[in-house]
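Right, one structure below, let's go through it.
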Amino acid sequence: MKYGIIIHGPEIIDSGWAGKIIQLLSARADVYAVAAGTMCKLAVLDSFLEDLIDIWSLSKPSEAITELAKECDCVFLLNHGKTIESGTVFGNMVADRVDIEVPLVQVERPGNSDGRIIYRGEDVNPDVYWLCRKLGMPLVYPETARQPSIRKNGHKTIRTISGVLPGESIMVNGLVIGYANNEDVELIFEDGIVTAIKGGQLKKHGVEKLTSYIGRIDPENAWIKSGNLRRTPVLESMNRERIDVHKRQSCRAVLINHEAERTFELARKADLVISVGDDTTAIAGSILKRLEIPLIGITDGDRDNVLADNEYCEGSTIIQVESGCDDIVGEKIKESFFSTSHPEFPSKSYLEEQILDLAKSCMRHVIFHTLEYNY
């Protein structure tokens, strides 16, 4: 027997349950585990589980499930939603996007009194009953009828967001586009653009960034999340230096322009990362600290605090410009230095000086706060 395991979100890793479940299933079959999502991969690194869980494969749960189902007898989806309702809705949405011939088993909120194992498939594998007993969790089946999360109203598409708490930020494809005023929140899309938030407040600048950097959004397939990207605190003992930065005669750099979720993908073969945007820099910085890759962050003080802590690799530099100007500098950096896919530069200091000069030349007023982080 061979089982595929998809792990979604950092909470299931941080709580220790992902490692326990992998260990249990490994005693019954050959297993292959994949982390889905940037924060999940970050949690894998913090828990020293990268030899056990693949952090470099496909990120979307539906894509990973489809691939693993081709060679596995059963696929397990491990998740820890904010509530059992939001976790179940998430599992339903993922299941709706895959067409596989093997069972899909969702382990939702293990270790909690409302946790359950949700079985999607035909005959129940005996190992699923065995896992239920080991974890002390009930086996349930998904509801056949449920309120759709997507509906049409004329030329508008409305998507319901579950598990939202008042005051939380709302992100679409990694960018904050508004804030929740209550628990019942709906996003209204018109022609692929978010035009309103029912039960919340729209952040127009966030929508502009989303449209500018990502384009029009498919409401059904968009990645939408509320609140902090990582709700569980990271223990200080988890942080560690992984490898020394490789000393090269030249410096390979990549640009992350408001796409923090692509940090793993883009930075894998880089010596240096340039990030644009306050939250993008905070998220990328946390990831790159684990990978021991420094960054040059372009910020303007407009942070939404989707990640609680700021962490940066030694030798990183943060450049703060006037409010609303980080996007302008980011575009100039892209045009000037990233016309090729994998540009190389003499050194980090050389590129930093060039970026500072570029920012000064394209703006009338610029405020710089350059900080060196040394741990």
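The values are calculated or read from the model by the stated rules, or taken from the named source; none is laboratory data. None of these values were measured; they are calculated from a predicted model. Here the Cβ is made from the backbone with ideal geometry for all residues, glycine too, and neighbour counts use every protein chain on show. Remember, those area values only see protein heavy atoms, side chains included, never the ligands or the DNA or RNA. Shrake-Rupley method; radii C 1.70, N 1.55, O 1.52, S 1.80 Å.
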- In deg cm²/dmol, rounded to 500, what helix-only [θ] at 222 nm does the chain give when every DSSP H run of at least 4 residues adds -39500 (n - 2.57) and the total is split over its residues? -8500 deg cm²/dmol
- Task: Assuming a ≥ b ≥ c are the square roots of the Cα gyration tensor eigenvalues, decide whether the stretch 1-143 counts as rounded (a/c under 1.5), prolate (otherwise, with a/b larger than b/c) or oblate.
- Result: rounded
- Query: Considering only protein heavy atoms and a 1.4 Å probe, what is the carbon-and-sulfur percentage of the accessible area of the stretch 310-351?
  - Reply: 47 percent
- Accessible heavy-atom area order of Leu288, Leu52, highest first, probe of 1.4 Å: Leu52, Leu288
- Note on the structure: Percent antiparallel among DSSP beta bridges confined to the chain, nearest 5, equals 50 percent
- For Thr83 the rounded accessible area (nearest 10 Å², probe 1.4 Å, non-protein molecules ignored) is 50 Å²
- Which one of Asn182, Val107, Val140 is farthest out on the positive end of the charge dipole of the stretch 40-197, using unit charges on Cβ (Lys, Arg +1; Asp, Glu -1) and the Cα centre as origin? Asn182
- Task: Using the Karplus curve 6.51 cos²θ - 1.76 cosθ + 1.60 with θ = phi - 60°, work out ³J(HN,Hα) for each residue of the stretch 79-86 in order, rounded to whole Hz, and write x for Gly and Pro.
- Result: 8, 9, x, 4, 9, 5, 5, 5
- Message: Please compute the per residue accessible area over the stretch 1-118 with all protein chains in place, 1.4 Å probe, rounded to a whole number of Å².
- Response: 38 Å²
- Quick one: of Lys70/Lys156; Lys82/Lys203; Lys70/Lys334; Lys20/Lys60; Lys41/Lys134; Lys41/Lys152, which pairs are farther than 29 Å apart, Cα to Cα? Lys70/Lys156; Lys70/Lys334; Lys41/Lys152
- Task: Would you mind checking which residues have amide H under 5 Å from Asn181's amide H? H placed 1.01 Å from N; only 5 or more apart, or other chain.
- Result: Gly167, Gly200, Gln201
- Note on the structure: Karplus-derived 3J(HN,Hα) from phi for the stretch 29-41 (6.51 cos²θ - 1.76 cosθ + 1.60, θ = phi - 60°), whole Hz, x at Gly and Pro, runs 6, 6, 10, 9, 10, 10, 8, 10, x, 4, 5, 5, 5
- Name the residues whose placed amide hydrogens come within less than 5 Å of the amide hydrogen of Ser316, ignoring near sequence neighbours (fewer than 5 apart) on the same chain. Leu295, Tyr373
- Message: Spelling out what I want: for every residue of the stretch 61-77, take phi, set θ = phi - 60°, compute 6.51 cos²θ - 1.76 cosθ + 1.60 (Karplus), and round to whole Hz; glycine and proline get x.
- Response: x, 5, 5, 5, 4, 4, 5, 5, 5, 5, 10, 10, 7, 7, 10, 9, 10
